[in-house]
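Q: My structure is below; once you've seen it, I'll send some questions.
The values are calculated or read from the model by the stated rules, or taken from the named source; none is laboratory data. All of these numbers come straight from a predicted model, not from anything done at the bench. We place every Cβ from the backbone using ideal geometry, glycine too, and count neighbours over all the protein chains shown.
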Amino acid sequence: MEAYVARPDDKGKHAGIIVLQEAFGVNSHIRDVTNRLAREGYVALAPELFHRTAPGFEGNYNDIQSIRPHMQAVTMATAQSDLGAAFEWLQSYSYVQQDKIFSVGFCMGGRISFLANTVLSLRAAASFYGGGIAPELTKRADSLHGPMLLVWGLLDKHIGSEQRNAVTRALDESHKTYVNAEFSSADHGFFCDERAAYQPQAARQAWALLLEFLRSHQD
C-alpha cells in the first residue's frame, strides 16, 4: 500500500494523524490537507485505500460511476487491515510521538475514520460528512477509543437527519465524548475547494474547529 506523507520541517517528535481519503482517491485535495496538517505540526499519512484495485487512483469529481467499483472493494476487513498498517507505520516512524495519533477522514474516509477510532488506540478522530456510519458502525460505538468530531453539511442530500441523529444517539447511549458540528449553508463535500459544493466560510470554520479539537486532545 502506497501512502502520501508530510511532516514538519524540524527534527522533533510530533503527533501523528491518518488522513483518510474521499472516494476520489489520494488526490490533490487530500494531499493538500495532508500538507496543511504537517504545517500545523503533525506527521500526516494518507494511505491509498484503493491500492488493491487501482493503485495511484485519482477520480474525477464529475464521474461518480468510475469510482463505484473501487469503493465497493473497500470492505470492513480490508479497511481495518489498511488502518492497522497505517497506524503501525506512524508508531514506528522516528518523528512521531507513539501515544499521540489521530485520524481524520472525508466522505468515504469520514466513515473509515469512525471505524479507525473503534479499532485503533487513537487520541481522537474526526469525520467530515461520513455517510454510512449508521447503522453498521454505530453498533461499535462502545468501542470508540477517543472523542469524535462529527462535521456535517445540512444541505447534504446524501446524509439526512435520520443518519446524523442515529450517530449522535449511539454516542449518547454509549456515554462517549463528541463534538457535533452542523453547517446549515453547506452541502456534501463542502470542505473541498476542488468541488462545486465548496463553501469557503464553512470550510474555514471547520478547519479551525478541527485544529482546536486535535490540539485539545494531545495532553
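Q: Would you tally the residues in the range 163-219 being loosely packed, with under 12 Cβ neighbours inside 10 Å, outside any helix (DSSP H, G or I) and among the aliphatic types (A, V, I, L, M)?
A: 1
Q: I've got another one for you. Of the residues Gly110, Gly160, Gly153, Gly131, which is in contact with a Ser or Thr (Cβ under 7 Å, 6 or more places away or on another chain), of a type outside the set (Ser, Thr, Tyr) and under 25 Å from Tyr61 (Cα atoms)?
A: On the way: Gly160 fails: in contact with a Ser or Thr (Cβ under 7 Å, 6 or more places away or on another chain); Gly153 fails: in contact with a Ser or Thr (Cβ under 7 Å, 6 or more places away or on another chain); Gly131 fails: in contact with a Ser or Thr (Cβ under 7 Å, 6 or more places away or on another chain).
The conditions single out Gly110.
Q: If you don't mind, another one. Quick one: count up the residues across the range 81-140 that are of a type outside the set (A, V, I, L, M, F, W, C), crowded, with 24+ Cβ neighbours inside 10 Å and in contact (Cβ under 8 Å) with a residue 40 or more places away in the chain.
A: 6
Q: Another question, if that's okay. Of (1) among the small types (Gly, Ala, Ser); (2) under 24 Å from Tyr61 (Cβ atoms); (3) in contact with a His (Cβ under 7 Å, 6 or more places away or on another chain), Ser121 satisfies all except one. Which?
A: Tallying (1) among the small types (Gly, Ala, Ser); (2) under 24 Å from Tyr61 (Cβ atoms); (3) in contact with a His (Cβ under 7 Å, 6 or more places away or on another chain), Ser121 fails exactly one: (2).
Q: A further question follows. Can you confirm whether Arg68 is closer than 29 Å to His175 by Cα and either at pLDDT 95 or above or out of contact with any strand residue (DSSP E or B) (no Cβ under 8 Å at 6 or more places or on another chain) (or both)?
A: Values: closer than 29 Å to His175 by Cα: no; either at pLDDT 95 or above or out of contact with any strand residue (DSSP E or B) (no Cβ under 8 Å at 6 or more places or on another chain) (or both): yes.
Judged against the criteria, Arg68 is not a match.
Q: So Tyr4 fits all but one of (1) under 23 Å from Ala141 (Cβ atoms); (2) surrounded by 17 or more Cβ atoms within 10 Å (Cβ to Cβ); (3) without any contact (Cβ under 8 Å) to a residue 60 or more places away in the chain; (4) of a type in the set (Ser, Thr, Tyr); what number is the exception?
A: (1)
Listed here are the residues, each with its yes/no results for (1) at pLDDT 95 or above; (2) small (Gly, Ala, Ser); (3) out of contact with any strand residue (DSSP E or B) (no Cβ under 9 Å at 6 or more places or on another chain).
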position: Leu154; (1), (2), (3): yes, no, no
position: Arg164; (1), (2), (3): yes, no, no
position: His175; (1), (2), (3): yes, no, yes
position: Ala181; (1), (2), (3): yes, yes, no
position: Leu210; (1), (2), (3): yes, no, no
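For (1) buried (at least 17 other Cβ atoms within 10 Å of the Cβ); (2) among the acidic types (Asp, Glu); (3) under 19 Å from Ala86 (Cβ atoms), each residue gets a yes or a no:
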{"position": "Asp9", "(1), (2), (3)": "no, yes, no"}
{"position": "Gly12", "(1), (2), (3)": "no, no, no"}
{"position": "Val19", "(1), (2), (3)": "yes, no, yes"}
{"position": "Ala38", "(1), (2), (3)": "yes, no, yes"}
{"position": "Pro69", "(1), (2), (3)": "no, no, no"}
